[in-house]
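Student: Take this structure, written in structure tokens, and hold onto it; I'll ask about it next.
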There are 2 protein chains.
Amino acid sequence: MDIKQYMTEVGEKARAASHALACADTGAKNAALMHIADAMMAAQTVLIAENARDLEQGRQNGLDAAFLDRLELTAERIAGMAEGLREIVALPDPVGEITDLSYRPTGIQVGKMRVPLGVIGIIYESRPNVTADAAALCLKSGNAAILRGGSEARHSNQAIATVIHAGLEKAGLPRDAVQVVTTTDRAAVGELITMPQYVDVIVPRGGKGLIARISADAKVPVIKHLDGVCHVFIDAEADLDKAVAIAFNAKCHRYGVCNAMETLLVDEPVAAEVLPRLATEYAKENVELRGCPRTRDILAGIHAASDEDWDEEYLAPVLSIRVVDGLDEAIAHIHRHSSEHTEAIVTENYTRARRFLAEVDSASVMVNASTRFADGFEYGLGAEIGISTDKIHVRGPVGLEGLTSQKYIVLGDGHIRS
Amino acid sequence: MDIKQYMTEVGEKARAASHALACADTGAKNAALMHIADAMMAAQTVLIAENARDLEQGRQNGLDAAFLDRLELTAERIAGMAEGLREIVALPDPVGEITDLSYRPTGIQVGKMRVPLGVIGIIYESRPNVTADAAALCLKSGNAAILRGGSEARHSNQAIATVIHAGLEKAGLPRDAVQVVTTTDRAAVGELITMPQYVDVIVPRGGKGLIARISADAKVPVIKHLDGVCHVFIDAEADLDKAVAIAFNAKCHRYGVCNAMETLLVDEPVAAEVLPRLATEYAKENVELRGCPRTRDILAGIHAASDEDWDEEYLAPVLSIRVVDGLDEAIAHIHRHSSEHTEAIVTENYTRARRFLAEVDSASVMVNASTRFADGFEYGLGAEIGISTDKIHVRGPVGLEGLTSQKYIVLGDGHIRS
């Protein structure tokens, strides 16, 4: 197979479909989503059988249990995918919204209309449910999608693609609106991320290695999520009950997630009081603490934090702790070490809360709330295709609106420029 | 000089300054702009003397008259730069604006705060006034700027930089908020566009060749403006007086600009009536017409348009004309040949106007108005740093808001995630 030629054809078909999809009305897009959900439930047996082929291959290839678990489609997970599709039906359609339409001194009216980006390339790893989720978000936002999942899930993904195509056709939408790349050749990814004439944006979903590699090589804009090195700062005027609750929740609610706290900063005046209380809570969950020298003066016996600890995304029951002298030192630490994902301050002090919100440059900045809230569902986006740690285009959780752009519209009555 | 080391230092200083600038209040930024304007008027003699060195060098190097004209600083142009700075003072500060702040079911409040992008790299050619304009737009939007002008203007640009630094310091802002690269080594551009750790976005201003080269090599997002192949479609139900006025204005108001019409599409039923009227007008301005066969049946004696004509940005008194069968064919032509800059329909038909607005995928889409209106000042942005033909981040004329992003803010009262 000539990969370049194959991907060019995929790109051409996606571009053509994107024009039809951009003009599809909300009803047609919602009908397609409902048909896909129905077809998915009806195809349960086929999906499980195809998935079994991937699982068998995976076992032969020695994939570990966690990988196989992510790969597996059960009746419950298939029902979950179908339910996810129906939830996207309920979200408002962002396309076509006109805002800021107002008259200019020349008499023309100028406004903005929200439009799809065009063609979105999604590159992901082993979870087959991403095929359905990503297709649905692209479809609802009027974008054609080119999906490239991990080769380990190829039979599952093709089976899901068949279901999606059936739903699209039943709703009268072009089947090329969602294409699942059939080749498992890695060169296909190389093509996908270097054809700006056919692809408007790439959304990689997966491990840091995958995302870094794609970002380095892409000639197409990438909406990317790199590290989540999130901080909580307990200010001298924090309510310490809130501080303990938030710092515990931010670390222990879930470990392997990007919005978990990885470093705790504590203002010196309250360190001696709050750190022992927190250490007691963390000990119950067997969280390993690594402290700066002043932290270790208070919490005797914990590990020393190395220079590397301050930049580490543990994704594990490990926490680095530093005692700082006030807000300025906390913000300086965050500017130096944060991945600009999510940071929180715990304080009752109005001025410092206001300063933290203004001065900390991260995708989500919080006062008296757990970093775990940094999430598309918690923010009311309804669904998220990912979280952006970039500043360009979209920042933080990315929902349907993040998959759109705005064009200017101008309404005149024969107006010419003088 | 070690270019890599030099640019790294420039980048580090810019990043440090960007944190201070992001928190600078509007008053300080406006004071700096006023001080720079005053310093610019006071330094008129120095600026003209330094500019004379560039002009002399340019003459020795055989630069053509048009180039030397763009390079020249006169008393009037210096006053114009100062006036431009004062106009930016009058624009609202986009930074810190909080929108969409609302309660979520969990009790947290979630909203968005507008924030600077951080560090903006501007790469431009010979016009020294860009140094002042770009610095002012970056400053007002809270961004640190790294400016890299053409080597032909190096003495002029350094003199302007001195003026800018004096103004920044007088207002108590870091002088590194605006840095003008001192080396004329081309390798500096290569470094600037490949240091994402220090530079958040690149805005190239100049010829197509420069922009294409930068986009191809950049590892930093680029807000770019490529071709302006703009179309006007005269629909069968157009008011032909408006059609003639708009098609004439779109072509003849100025030739060398990106928002000039390059191709006219005319619906068949009105072609025989409107084309001769337009030809008479264009003849007065010596506009060369190049037509499709059906156009040439009506306008005998004009040149035949070649396949290449439909993709050509003439930037000259040349126009290609095609007769089409209705809106669908017009939109198909636009999708195939447009650079997605600006397109206009002339029609009195409500449904076709509505369809054109929805279906044409360009940065500006107009009804009954000249494409020449696609401009930051005409749209009320106050000033523009460029026009984006991309869809990601910002589309169309780019003003202060295009140089910003939004972060999420979350306000709680000890809220944790359950």
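Student: Treating the angle as unsigned and between 0 and 90°, give the value, to the nearest 10°, between the Cα long axis of helix A:350-359 and the longest Cα principal axis of chain A.
Tutor: It works out to around 50 degrees.
Student: Pick from B:G382, B:G96, B:G111: which is most flexible by mean-square fluctuation in a GNM of chain B where alpha carbon atoms under 10 Å apart are linked?
Tutor: Answer for the Gaussian network model of chain B: B:G111.
Student: Using only Cα atoms, tell me the angle between helix A:3-23 and the longest principal axis of chain A; keep it within 0 to 90° and round to the nearest 10.
Tutor: 90
Student: Name the most mobile residue of B:E12, B:E97, B:E125, meaning the one with the largest mean-square fluctuation, in a Gaussian network model of chain B with Cα contacts below 10 Å.
Tutor: Comparing B:E12, B:E97, B:E125 in a Gaussian network model of chain B, the most mobile one is B:E97.
Student: Shifting gears a bit: If you take the square roots of the eigenvalues of the alpha-carbon gyration tensor of the range B:78-135 and sort them as a ≥ b ≥ c, do you get rounded (a/c under 1.5), prolate (a/b over b/c) or oblate? Walk me through the numbers on the way to the answer.
Tutor: Details: a/c = 7.12, a/b = 2.59, b/c = 2.75.
Oblate, since a/c reaches 1.5 and b/c is not below a/b.
Student: Here is a follow-up. Ratio of the range B:219-268's C-alpha Rg to 2.2 N^0.38 Å, to two decimals?
Tutor: Values: Rg = 14.3 Å, N = 50, 2.2 N^0.38 = 9.7 Å.
The value comes to 1.47.
Student: List the residue from chain A whose beta-carbon is nearest to the axis that rotates chain A onto chain B, together with that distance in whole Å.
Tutor: Nearest-to-axis residue on chain A, with distance in whole Å, is A:H393, 2.
Student: Here's another thing I want to ask about it. Measuring from a point 7 Å out along Cα→Cβ, what nm distances, shortest first, does B:P276 have to its partners in the other copies?
Tutor: Computed spacing set for this position: 10.1 nm.
Student: Taking square-rooted eigenvalues a ≥ b ≥ c of the alpha carbon gyration tensor, is the range B:265-346 rounded, prolate or oblate, where a/c under 1.5 means rounded and, failing that, a/b exceeding b/c means prolate? Write down the numbers at each step before the final one.
Tutor: Values: a/c = 1.57, a/b = 1.18, b/c = 1.33.
Note, shape of the range B:265-346 comes out oblate.
Student: Based on Cβ point charges of +1 for Lys and Arg and -1 for Asp and Glu, what charge dipole magnitude is obtained for the range A:159-316 about its Cα centre, in debye rounded to the nearest 20? Present the calculation step by step, with values, prior to reporting the outcome.
Tutor: Values: 16 positive and 25 negative charges, 166 e Å.
Charge dipole of the range A:159-316: 800 debye, to the nearest 20.
Student: Here's a follow-up. Taking the 0 to 90 degree range and rounding to the nearest ten, how far is the long axis of helix B:129-140 tilted relative to the main principal axis of chain B, both from C-alpha atoms?
Tutor: 70
Student: Suppose every K and R has +1 on its Cβ and every D and E has -1 on its Cβ; what is the size of the dipole of the range B:297-418 about the Cα centre, in Debye to the nearest 20?
Tutor: Charge dipole of the range B:297-418: 680 debye, to the nearest 20.
Student: Computed FRET efficiency, Cβ-Cβ of A:Y255 and B:E285, R0 60 Å: what is it to the nearest 0.05?
Tutor: Numbers: r = 71 Å, r/R0 = 1.18.
It comes to 0.25.
Student: Please list the equivalent ellipsoid semi-axes of the range B:45-174, computed as the square roots of five times the alpha-carbon gyration tensor eigenvalues, in descending order and whole angstrom.
Tutor: Values: eigenvalues 304, 43, 29 Å².
Calculated on Cα positions only, the semi-axes equal 39, 15, 12 Å.
Student: Placing +1 on the Cβ of each Lys and Arg and -1 on the Cβ of each Asp and Glu in the range A:267-418, which of A:T347, A:V323, A:Q406 has its Cα farthest towards the positive end of the resulting dipole?
Tutor: Result: A:Q406.
Student: Further question: Using a Förster distance of 22 angstrom, determine the FRET efficiency expected from the C-beta separation of A:E76 and A:V46, and round it to 0.05. Walk me through the numbers on the way to the answer.
Tutor: Details: r = 17 Å, r/R0 = 0.76.
For A:E76 and A:V46, the calculated efficiency is 0.85.
Student: Another question about this same structure. Run the dipole for the range A:46-124 about the Cα centre, Lys and Arg Cβ at +1, Asp and Glu Cβ at -1, nothing else charged, and hand back the magnitude in debye, nearest 20.
Tutor: On the way: 8 positive and 12 negative charges, 92 e Å.
Dipole magnitude for the range A:46-124 comes out near 440 debye.
Student: With label points built 7 Å along Cα→Cβ from the Cα atoms of B:A90 and A:Q5, find their separation and express it in nm.
Tutor: Reported label-point gap for B:A90 and A:Q5 is 6.2 nm.
Student: Which values, in whole Å and largest first, are the semi-axes of the equivalent ellipsoid of the range B:223-368 obtained as the square root of 5 times each eigenvalue of the Cα gyration tensor?
Tutor: Values: eigenvalues 79, 68, 39 Å².
Those come to 20, 18, 14 Å.
Student: Looking only at the range A:1-159, where both bridge partners belong to it, what percent of the DSSP beta bridges are antiparallel (to the nearest 5)?
Tutor: Working: 4 of 9 bridges.
Approximately 45 percent, going by the DSSP bridge assignments.
Student: Based on the Cα gyration tensor of the range B:179-249, what are the three equivalent ellipsoid semi-axes, each the root of five times an eigenvalue, rounded to whole Å and given largest first?
Tutor: Working: eigenvalues 342, 31, 20 Å².
Taking √(5λ) for each eigenvalue gives 41, 12, 10 Å, largest first.
Student: Among A:S370, A:A304, A:P221, whose Cα sits farthest toward the positive end of the charge dipole of chain A (+1 at Cβ of Lys/Arg, -1 at Cβ of Asp/Glu, about the Cα centre)?
Tutor: Result: A:P221, furthest along the dipole toward the positive end.
Student: Distances in nm, one decimal, shortest first, from A:R336 to the same residue in every other copy, taking the label point 7 angstrom along Cα→Cβ.
Tutor: Once sorted, the set of distances for A:R336 reads 6.1 nm.
Student: How much length would be gained if the chain were fully extended between A:E56 and A:T182, taking 0.36 nm per residue of separation minus their Cα-Cα distance, in nm to one decimal? The partial results should precede the final answer.
Tutor: On the way: separation 126, 0.36 × 126 = 45.36 nm, distance 1.93 nm.
Using 0.36 nm per residue and subtracting the Cα-Cα distance, I get 43.4 nm.
Student: What is the distance in Å between the Cα centroid of the range A:296-325 and that of the range B:81-122?
Tutor: One Cα centre to the other: 35 Å.
Student: Another question, then. For B:K391, which aspartates and glutamates qualify as cross-link partners when the Cα separation must be under 18 Å and same-chain residues fewer than eight apart are set aside?
Tutor: Of all the aspartates and glutamates, those that pass the test against B:K391 - Cα under 18 Å, at least 8 places apart if same chain - are A:E97, A:D200, A:D390, A:E401, B:D200, B:D227, B:E340, B:E343, B:E359, B:D361, B:D375, B:E401.
Student: Between the label point of B:E288 and that of the same position in each other copy, find the distances and list them shortest first in nm, with every label point placed 7 Å from Cα along the Cα-to-C-beta direction.
Tutor: Inter-copy label distances (nm, one decimal, shortest first): 7.4.
Student: Longer than 21 Å from Cα to Cα, which of A:K13/B:K208; A:K219/A:K407; A:K29/A:K224; A:K140/A:K170; A:K13/A:K208; A:K208/B:K224 are they? Say none if no pair is. Please list the in-between numbers first.
Tutor: Values: A:K13/B:K208 28 Å; A:K219/A:K407 23 Å; A:K29/A:K224 26 Å; A:K140/A:K170 16 Å; A:K13/A:K208 30 Å; A:K208/B:K224 28 Å.
Correct reply: A:K13/B:K208; A:K219/A:K407; A:K29/A:K224; A:K13/A:K208; A:K208/B:K224.
Student: Please check: in the Gaussian network model of chain B (C-alpha springs, under 10 Å), which one of B:K224, B:K29, B:K170 has the largest mean-square fluctuation.
Tutor: The residue with the greatest mean-square fluctuation here is B:K170.
Student: Can you tell me what percent of all Cα-Cα pairs in the protein assembly as shown are more than 43 Å apart? Don't jump to the answer; show the numbers that get you there.
Tutor: On the way: 125916 of 349030 pairs.
Summing the P(r) of the protein assembly as shown above 43 Å gives 36 percent of all pairs.
Student: How many nm is it between the label spots at A:K208 and A:Q109, if each spot is 7 Å from the Cα in line with the beta carbon?
Tutor: Between A:K208 and A:Q109, the label points sit 5.1 nm apart.
Student: In the range A:185-220, whose amide N lies under 19 Å from the spot 7 Å out along Cα-to-Cβ of B:R336? List them in ranges.
Tutor: A:197-198
Student: What base-10 log of the normalised intensity I(q)/I(0) is obtained for chain A from the Debye formula, alpha carbons as equal point scatterers, at q = 0.10 Å⁻¹?
Tutor: Those come out to -0.78, one per q.
Student: Post the alpha-carbon centroid distance, the range A:149-183 to the range B:196-267, in whole angstrom.
Tutor: Taking the Cα centre of each part, the range A:149-183 and the range B:196-267 sit 37 Å apart.
Student: Considering the dipole of the range A:162-216 built from charges on the beta carbon (Lys and Arg +1, Asp and Glu -1) around the Cα centre, which of A:P204, A:H165, A:A177 is farthest to its positive end?
Tutor: A:P204
Student: Using Stokes-Einstein with the Kirkwood hydrodynamic radius over Cα pairs, what translational diffusion coefficient do you get for the range B:289-418 at 25 °C and a viscosity of 0.890 mPa s, in µm²/s rounded to a whole number? Mind dumping the intermediate values first?
Tutor: Values: Rh = 17.8 Å.
It comes out at roughly 138 µm²/s.
Student: How high is the relative contact order of chain A? Use alpha-carbon pairs under 8 Å, at least six apart in sequence, and give a whole percent. Write out the running numbers ahead of the final one.
Tutor: Working: 841 pairs, mean separation 74.7, N = 418.
Computed value for chain A: 18 percent relative contact order.
Readers should treat all values here as calculations from the given coordinates under stated rules, not as data from a laboratory. Small disclaimer: the values here were computed from a predicted structure and weren't measured. Virtual Cβ from ideal backbone geometry, glycine too; neighbours counted across all protein chains shown.
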